Amino acid sequence: MDIKSEPSSRSSGEPAQTTEDRRWRLVNRTMRMHGNEPHALIETLHSVQEHFGFLDLDALKYVAGALRVPLSRVYAVATFYHYFTLKPPGEHTCVVCKGTACYIGGASSILDSIQQEVGIGPGETTSDGQISLLTARCLGSCGLAPATVFDGQICGRMTSAAVLERIRRWTNHDTGD
Amino acid sequence: MTLAIEDLEGIAKIEKERQEGFRHRINVCIAAGCLSCQSGLVREALEKEVGRRGMENWCLVKGVGCLGLCAAGPLISVEPDGVYYQGVTVSDVSEILDSLGGSPIGRLHCPAQSPFFTRQHRIVTENCGKIDPERIEDYIAERGYEALYTVLRSMTPGEVIEQVVASGMRGRGGAGFPSGLKWTAVSKAVNNTKFVICNADEGDPGAFMDRSVLESDPHRVIEGMAIAAYAVGARHGYVYVRAEYPLAVKRVRTAIAQAERLGVLGSGIFNTRFDFKIEVRLGAGAFVCGEETALIASIEGRLGRPRPRPPFPAEFGLWGCPTLINNVETLANIPPIVRNGGRWLAGIGTEKSKGTKVFALAGRVNNTGLIEVPMGTILRDIVFDIGGGIPEGRQFKAVQTGGPSGGCIPEQHLDMPVDYESLAAVGSIMGSGGMIIMDDASCMVDVAQFFMEFCMSESCGKCVPCRVGTTQIYHLLRKITNGTGKPSDLAMLEELCDLVKNTSLCGLGQTAPNPVISTLRYFRNEYLEHIDDKTCQAGACKIGSVREAL
Amino acid sequence: MNRVRIATTWLDGCSGCHMSFLDMDETLAAVADRIEIVYGPLVDAKEFPDGVDVTLVEGAVGNAHDREELERIRERTHILISFGDCAVTANVPAMRNQFKLQDVLKRGYVDNVSHHPAVPDAGVPKLLERVRPLHEFVAVDLFLPGCPPPSEAILLALTDLLEGRTPEVQGKTRFGA
Amino acid sequence: MTTPSYTPDPTPYVRRDVNPVRILTFTIDGRDVSAREDETILSVARQNGIFIPTLCHLDGLSERGACRLCIVEVKGAPKLLPSCVTLPRQDMEVTTNSDRVADYRRKILELMYSERNHVCSVCVSNGHCELQNLSVVLGMTHVRYDYIYPKHAIDASHERFSVDHNRCVLCQRCVRVCDEIEGAHTWDVMGRGITSRVITDLNQPWGSSETCTGCGKCVQVCPTGALSEKGKSVAEMIKRRQFLPYLQMMRREGRRAVAEGIR
């Protein structure tokens, strides 16, 4: 099948829930705003990730068809940009900033202590799917280094102890504490 | 909708009267730095308490942009008394409200007379910490969009460019290309369609100037873009901003919507035939997209891989059309240049580096935060006077400027002026303005390895020298920091640095070796200690564990 | 006239380069009166002698013994020739470098063995984590790539050395030749 | 935002700073040569029988300027310039083979060899490989940089072809020929930096690709043994590229016919 043919002929990748799922409507809206043109690819992937938390293969296939972008290019873009993730995130995410100031301020020892306590390295999720550990290039909070983001909330001047304390709150809560 | 200068003046007047109607105004910093130490809660608590006490009519609580001294956050300022409070928590709220009109609270007092505040020269950040970034009226009250009006109603595009040329300003994004020349090139390019792009993909780790400006004063950047668009003949603009800066994205979007609603963006602005629209495009975590051609590719929805230049974007940019790409800080300088004339800016700074520069002070320095100083300010003054020196009584070792493309400047060069040429002479660059201070607890080989790891994983992978060369350099540095380096590795490091610098396709690769080259130049003894003695004086490298394993 | 003392040896290699050496046949005879082969699989000598003029080392460095041997050869040799692709690039032996040493040993001695599967731990030299070319361990004076290097190239290198010239083998041999 | 986004003009981009009719003269290695303004230094050099090594360049495909082997020195220019994408200017003085350039080229080639697992002696393209040939031409007898030894797989899921990532140099010829000539865009490059890798479709086995037409052009343009026909043993894979100039010409004519609306 020719990838550059009409999108309708490539609708096989369209997830079944597309029409009724509100999240897909929002993604579709993003594409429509950009005239369903190929140049909307990155904005659309942002939209998918914002609403679904990650990019799965069905979503990539659907976006490729809708925007008439070759499948391999969609995959290339989704893996070139580090902001996009193809893996579902854990229930909670902890982002440790690895910018220069945070590095100087001890970000690596924070990562080490998380590895020791929770057993996951950067980019990994605990086996129970509870906690994901990510690193950021720079959050721009260098004035308060080292910085860490817990479920979207940014916290400055962190120490290993403080980070582990926050993470323990998640795990304790989940065991019904 | 057509907007006249009277309307702007009217808005400014109403806004000023509104604000002056309050006997006390409490400005709470709600830029990302202070937000990350809960300034949002402080603001809420203040608002609630003001409401509870029935003070709404004479006490205004206002969220403002960055006050600069992030180290002391959350910061608030109380106007019109000009009192600064630092490290404010929710529990301080009552006391602050009690003290209004009386004497300041000594415990929280942040001396506004300290060199951190007095030695700055604020142009780009003049409104930061003063205005509410989410209210266009507040910007207009500070003469916002007046420059755009002047430009559209009384200047030709050529006259605008003349002012930028006269200002002598050089691009604040890193390379320091004269802005006037860039504008001239785009304006001369023959094409009906042109674009203006604001590069807000502040990728240098350790730099947050652009983020702060966008979070604190987004309209200034929008106004700068509109003026630029008029000058070069563009009708469409893009702000390319990192997705990692959600607050900046939100504020820019809000600002664009407000500007459109008011009519300072859109069709027939100020009743002229000038149309200008701005769209926001999100970066997606690729440092290389700070490079012009990669940024353009990214806006086009493609992989952010640079292409060889020429053709330059001024000729052949976004969608093949002439495109002006300026950094946030460059554009933020435009409205004051128009208001005060190019010569005014040219009067600030040094002979070849005009105006001011915003720096993000971070690392091992007491006053971490955002500062704006005239070009040519002495580096030692920045570190020890404005920055307040090194904490915990430790020894200064180096200051790193220019991020992963820059270099480390040692003690012996601290008395140099900070300008494009001087920095280049000592093997660093101005870069976008990150300034990381390191003390004797920092190992310079480890720092070089940190930056090389960054460049290696940010390399787009297109050209061989950058893709493989940075990896090889990183592996050599890792060998040295883990205690398995050989004396011959230093020569190999130098060879690879030279290769990557001279044969890479884009600026990322061409500058990637700089941190290694500059640390080899000034801190060679540290490399030798790691290789010959297998020791790391700073204690940052884990040599010991490797030696035990051997 | 003193004859030039030549040694040959092979480390982690297949002996193919030595076969090519022998393929010089009668051309070898032409230089035979000017050289003396003092050590190698072709002659009966137990220990690598002192004061060797030229040594051709075939094979990569794959185990601790190879490494010691190479270092001894380097000490006792004036001109050391990295002889053939295994010596120059680590070649086929290095194909195991993509895998962890433990996995390699397990595959070789356990998974594919039906009778007494066990990784040998005595009487054999310890394998290095990675197989590497000679020049990563010692200084090499001349590189003679090829799998094997053609005998003409070997002869050319030897005669050049005998004549006191720096051998120019460009175009005479190549990787994989 | 509520306003719809800008929609770009769908017509192909044209460089307006270059006039394809104008002829200029300059020198390569001291020889006077003439060229059209839109010809690259590389193409002018080749027309004049001057050798410049290349790897990512292939006549008939778009240029990338990525392998950096074709760098040349231009008098007065502070940087070395890739000749495959650099257009000459009047009176430019180009040097294609100074010691400095030759030295850099050799080092770049060494980097390429160190990047993946190139084992010539067991390769289908042994003796017919552009990378291998470059080592002879540039006089590179060994690699002084540490080999990286990444772990890479072989995908033999396609009925007729296989891809061995150990031998890939990321020149992207396969990506370009598939996109520009075949029009399928089955190939692209995933990831970035040292972890970049060519993929088919959504990084799935080649044999399961929905878009691959099985035309095999990618195999024929691949400079190394990374892409090969099945059933070929060591040294048996000889690439055939005669089709490329014809296809390129026919595609150009086809495009013109469509534009002019005649057949």
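Derivation of every value follows stated rules applied to the coordinates shown; laboratory data play no part. Note that the structure is a prediction, hence the values are computed from the model and not measured. A quick note on method: Cβ atoms are made from the backbone with ideal geometry, for glycine too, and the neighbour counts reach across all protein chains shown.
Rounded to the nearest 20 debye, the dipole magnitude of segment B:246-293 is 280 debye, with +1 charges on Lys and Arg beta carbons, -1 on Asp and Glu beta carbons, and the Cα centre as origin. Bridge orientation summary for the protein assembly as shown: considering DSSP beta bridges with both residues in this region, about 50 percent are antiparallel.
Could you tell me whether segment C:1-66 comes out rounded, prolate or oblate from its Cα gyration tensor? Rule is a ≥ b ≥ c as square roots of the eigenvalues, rounded for a/c under 1.5, then prolate if a/b exceeds b/c, otherwise oblate.
The shape class here is oblate.
Secondary-structure-derived ellipticity at 222 nm for chain B, considering helices only, amounts to -12000 deg cm²/dmol, per-run term -39500 (n - 2.57) for DSSP H runs with n ≥ 4.
Dimensions of the protein assembly as shown along the principal axes, based on C-alpha atoms and rounded to the nearest Å, stand at 110, 78, 63, largest first. Peptide B:296-308 has a mean shielding of 6, counted as Cβ atoms of other protein chains within 10 Å of each residue's Cβ.
Database remark: amide H of residue B:170 closer than 5 angstrom to the amide H of B:179, B:354 (H placed geometrically; neighbours at sequence offset of 5 or more, or on other chains; Pro and chain starts carry no H). Here residue D:107 is the anchor, and the lysines within straight C-alpha reach of less than 20 Å, apart from those fewer than 8 places off in the same chain, are B:462, B:501, D:79. Here the relative contact order of segment B:144-346, from alpha carbon pairs under 8 Å that lie six or more residues apart, stands at 33 percent. Counting only DSSP beta bridges with both residues in chain B, the antiparallel share comes to about 50 percent.
Compute the distance from the alpha-carbon center of segment B:211-263 to that of segment C:69-112, in whole Å. Using only Cα atoms, the two centres lie 60 Å from each other. Charges on Cβ only, +1 for Lys and Arg, -1 for Asp and Glu, centred on the Cα centroid of the protein assembly as shown; of B:452, A:70, B:38, which one is farthest towards the dipole's positive end? Selected residue: A:70.
For the pair residue D:91 and residue D:243, a Förster radius of 56 Å applied to the C-beta separation gives a FRET efficiency near 0.90, rounded to the nearest 0.05. Of C:104, C:138, C:61, the residue with the greatest mean-square motion in the GNM of chain C, using alpha carbon springs below 10 Å, is C:104.
Note on chain C: dipole from Cβ charges, positive end direction compared against C:43, C:124, C:159; the farthest Cα belongs to C:124. For the protein assembly as shown, a crude dipole built from +1 on the beta carbon of Lys and Arg and -1 on the beta carbon of Asp and Glu, taken about the Cα centre, is about 2160 debye to the nearest 20. Cα centroid separation, segment B:76-109 to segment B:1-65: 16 Å.
Pairs of Cα atoms in segment D:127-178 fall into 10 Å distance bins, from 0 up to the last occupied one, in shares of 17, 42, 33, 8 percent. With helices as the sole contributors, chain D gives -6500 deg cm²/dmol at 222 nm; each DSSP H run of n ≥ 4 counts as -39500 (n - 2.57), and the sum is divided by every residue.
The residues B:24, D:185, C:65, when put in order of fewest to most other Cβ atoms within 10 Å, stand as C:65, B:24, D:185.
Other residues whose C-beta falls under 15 angstrom from the C-beta of residue D:18 contribute a net charge of 0, scoring Lys and Arg +1 and Asp and Glu -1. For chain A, adding -39500 (n - 2.57) for each run of n ≥ 4 DSSP H residues and dividing by the number of residues yields -13000 deg cm²/dmol at 222 nm.
Short-range pairs are left out: with C-alpha atoms under 8 Å and at least six residues apart, the relative contact order of chain C is 25 percent.
Would you please classify the overall shape of chain D from the alpha carbon gyration tensor, given that a ≥ b ≥ c denote the square roots of the eigenvalues, rounded means a/c under 1.5, and beyond that prolate means a/b larger than b/c while oblate covers the rest? Oblate, because a/c is 1.5 or more while a/b does not exceed b/c.
Per residue, how big is the convex hull around the C-alpha atoms of chain A? Give it to me in cubic angstrom, could you? Don't skip to the end; give the middle numbers.
Values: hull volume 24.3 nm³, N = 177.
Enclosed volume per residue, from the Cα hull, is 138 Å³.
What the pair-distance distribution of chain C shows, using all Cα-Cα distances binned every 5 Å from zero, is 2, 8, 16, 20, 19, 14, 9, 6, 4, 2, 1, 0 percent. Over all other residues within a Cβ to Cβ distance under 9 Å of residue D:65, the charged ones net out to +3, with Lys and Arg as +1 and Asp and Glu as -1.
Distances between placed amide hydrogens fall under 5 Å for residue B:281 paired with B:239, B:240, B:241, all partners being 5 or more residues away or on another chain. Remark: C:165, A:168, D:167 ranked as C:165, A:168, D:167, counting other beta-carbon atoms within 10 Å and listing the fewest first. Compactness check for chain B: Cα Rg over 2.2 N^0.38 Å is 1.00. Across chain B, C-alpha contacts under 8 Å between residues 6 or more apart give a mean separation that, scaled by the residue count, equals a relative contact order of 14 percent. Each of D:14, D:200, D:137 was placed along the dipole of chain D (beta-carbon charges, centred on the mean Cα), and the one lying farthest toward the positive end is D:137.
Between amide H atoms placed 1.01 Å from N, distances below 5 Å from residue B:195 occur with B:323, B:324, all of them 5 or more places distant or on a separate chain.
Counting beta carbons within 10 Å around each of A:170, D:187, D:206 and listing the fewest first gives the order A:170, D:206, D:187. Shape class for segment B:144-346, computed from the alpha carbon gyration tensor (a ≥ b ≥ c): rounded, with a/c under 1.5. Most simply put, chain A has about 55% antiparallel DSSP beta bridges, counting only bridges with both residues inside it.
In order along segment C:118-125, the Karplus-derived 3J(HN,Hα) couplings, from 6.51 cos²θ - 1.76 cosθ + 1.60 at θ = phi - 60°, round to 6, 6, x, 10, 9, x, 10, x Hz, and Gly and Pro are given as x. About its Cα centre, segment C:51-100 has a charge dipole of approximately 220 debye under the convention of +1 per Lys or Arg Cβ and -1 per Asp or Glu Cβ, with nothing else charged. Using θ = phi - 60° in the Karplus curve 6.51 cos²θ - 1.76 cosθ + 1.60, the 3J(HN,Hα) couplings for segment A:99-104 round to x, 4, 5, 5, 5, 4 Hz; x is entered for Gly and Pro.
Reducing segment A:122-176 and segment A:48-81 to their Cα centroids gives an inter-centroid distance of 27 Å.
Build a GNM of chain D with springs between Cα atoms under 10 Å apart, and of D:248, D:132, D:220 the one that fluctuates most is D:248.
What the phi angles of segment B:63-74 give under the Karplus curve with 6.51, -1.76 and 1.60, with θ = phi - 60°, is a coupling list of x, 10, x, 4, 8, x, 8, 4, 4, 9, x, x Hz, glycine and proline written as x.
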